[in-house]
Amino acid sequence: MSHVVEPADPSDKQPLRRLLRARRRSLLPQQDRDADAASIATSAGALLDSLSLPSWPAGEHPAAGDRLCVAIYRSLPYEPPTGALAQMLHSRGAQVIVPETLPDLDLEWRELRADGSEGPRLGLAGIGAAQVILTPALAIDRHGTRLGQGGGCYDRALARRRSDAVIVAIVNDQEYDPEPLPHDDHDVPVDAVITPGRGLEPIPGRGSVA
């Protein structure tokens with residue numbers, strides 16, 4: 001399972017979420033998902049290069065403490081596609097971890113192997129190993145405010161991140177918007193955005209991504 005899709009949310013964000021979900025579905029026939037997937041993977045590779053994080057050729061097995069760990073998610077059919085992203089990360093010798101949504105809408109983590117199978121459960125604290133966290137979102141504004149699906153999954157998971165982790169949201173081009181999004185005190189801002197058409201864009205003032 002990837003992440004929660006249609007949770008109940010009484011907040012005033014929910015009408016906006018419905019609008020954004022509907023727009024995503026309406027744009028699907030116009031999108032080249034293979035090209036989008038390749039673009040997202042290329043931009044994520046550029047991100048890793050800009051952060052000077054370690055990588056190794058496929059097949060090499062560095063010591064566990066030296067291995068780059070990246071948290072991603074397995075995209076749903078109407079989300080920007082992440083299949084090529086996982087392949088790129090594995091080609092660099094990275095450990096790739098993905099979330100599984102629990103009944104209480106918290107996220108437990110598992111390793112995603114290069115063949116698409118899953119490794120052992122890493123528990124709720126698994127995200128704490130990730131140097132880079134690539135998150136889903138419905139929209140991001142220019143302050144890094146992330147509008148998620150509404151279940152609070154990533155709000156809870158991101159609270160367990162390592163202090164120097166870089167958080168990057170993946171959205172469609174039109175979902176990175178200059179207009180401010182509603183936000184709550186517990187919302188964790190992202191450091192950068194990746195879109196298929198515009199590539200990697202750091203959030204001004206966040207400072208984690210050059």
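Bear in mind that the values in this text are calculations on the coordinates, not laboratory data. The structure displayed is predicted, hence computed values, not measured ones. For neighbour counting, all protein chains shown are included, and Cβ atoms are generated from backbone atoms with ideal geometry for every residue, glycine included.
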### Task
Add +1 for every Lys or Arg and -1 for every Asp or Glu among the other residues with Cβ under 13 Å from the Cβ of ALA125, and state the total.
+4
### Rounded, prolate or oblate (a/c below 1.5 giving rounded, otherwise prolate when a/b exceeds b/c) for region 128-210 by Cα gyration tensor
oblate
### Summary
DSSP beta bridges in region 32-202: the antiparallel percent, rounded to 5, is 50
### Query
Hey, if you put +1 on the Cβ of every Lys and Arg and -1 on every Asp and Glu Cβ in region 32-202, which of GLY199, SER52, TYR73 ends up farthest toward the positive end of that dipole?
SER52
### Task
Using the Cα centre as the reference, give the magnitude of the dipole from point charges on the C-beta atoms of the chain (Lys, Arg: +1; Asp, Glu: -1; all else neutral), rounded to the nearest 20 debye.
140
### Task
Between TYR78 and ALA22, with labels modelled 7 Å along Cα→Cβ, what's the label distance in nm to one decimal, could you check?
1.1
#### Entry: Projected label distance in nm at ARG33 and LEU102, using a 7 Å step from Cα toward the beta-carbon
3.0
## Note on the structure
For semi-axes √(5λ) of the Cα gyration tensor in Å the list reads (i) 26, 23, 16; (ii) 23, 19, 18; (iii) 25, 19, 17; the calculated value is entry (iii)
